[in-house]
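Novice: This is the structure I have questions about; it appears just below.
No lab work stands behind these numbers, since they all come straight from the coordinates. Please read all numbers here as calculations on a predicted model, not as lab measurements. Counting neighbours? That spans all protein chains shown, and the Cβs are built from the backbone with ideal geometry, glycine included.
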Amino acid sequence: QVQLVESGGGFVQAGDSLRLSCVVSGRTASIETMGWFRQAPGKERDFVAAISWIGGYTYYKYSLKGRFTISGDNAQNTIYLEMPNLKPEDTAVYYCAARNGAGYEMDPWKFTYWGQGTQVTVSA
């Protein structure tokens, strides 16, 4: 099995920054892609960004590219999401996810493993 634990969420004001972390443990050898999703109240879970665990390539939801940055540290089995200049519309629960396949997958149903999420609230 694979376990994912997120941290770094919080309550911030518009314009502030946060860095989310996700530590993966367990059968990590099977993991090829890790990503971040977010879910705002009353909305579907939405792709944010992902990173190839082996090749290191990254991809983003088009509207978030240039705002958020995903990165990974294989030695620490950790991925990060840097979120500068946050806006109230970024308020959501942010989930870390992992899958056994590669490629530019954004469908949450294609990610097998999930963390429990970390709340990010941005006030105006």
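Novice: Treating the beta-carbon of each Lys and Arg as +1 and of each Asp and Glu as -1, no other charges, what is the dipole magnitude of the chain about its Cα centre, to the nearest 20 debye? Before the final figure, lay out each step's value.
Specialist: Details: 11 positive and 11 negative charges, 21 e Å.
In total the dipole reaches around 100 debye.
Novice: Same structure again: Would you please give the FRET efficiency between residue 123 and residue 5, computed as 1/(1 + (r/R0)^6) with r the Cβ-Cβ distance and R0 = 22 Å, to the nearest 0.05?
Specialist: Values: r = 26 Å, r/R0 = 1.18.
Computed FRET efficiency for residue 123 and residue 5 comes out at 0.25.
Novice: Follow-up. Using alpha-carbon positions, what is the distance between the centroids of segment 1-19 and segment 60-106, in Å?
Specialist: 10
Novice: Evaluate E = 1/(1 + (r/R0)^6) for residue 74 and residue 112, where r is the Cβ-Cβ distance and R0 equals 25 Å; express this FRET efficiency to the nearest 0.05.
Specialist: The pair residue 74/residue 112 has a calculated efficiency of 0.85.
Novice: Out of the trypsin sites (Lys or Arg not before Pro) in segment 7-104, which ones are loop residues according to DSSP with at most 12 other C-beta atoms within 10 Å? Before the final figure, lay out the partial values.
Specialist: On the way: sites: 19, 27, 38, 43, 45, 61, 65, 67, 99; in loops: 27, 43, 45, 61, 67.
In loop regions of segment 7-104 (DSSP not H, G, I, E or B), the sparsely surrounded trypsin sites (Lys or Arg not before Pro) are 27, 43.
Novice: Could you list the GluC sites (Glu not before Pro) in segment 43-104 that lie in coil according to DSSP, counting only those with at most 16 other Cβ atoms within 10 Å of their Cβ? Intermediate results must be reported in sequence, preceding the final value.
Specialist: On the way: sites: 44, 82, 89; in loops: 44.
Listed in order of number, the matching sites are 44.
Novice: At most 10 other Cβ atoms within 10 Å and a DSSP loop assignment: could you name the chymotrypsin sites (Phe, Trp or Tyr not before Pro) in segment 1-97 that fit?
Specialist: none
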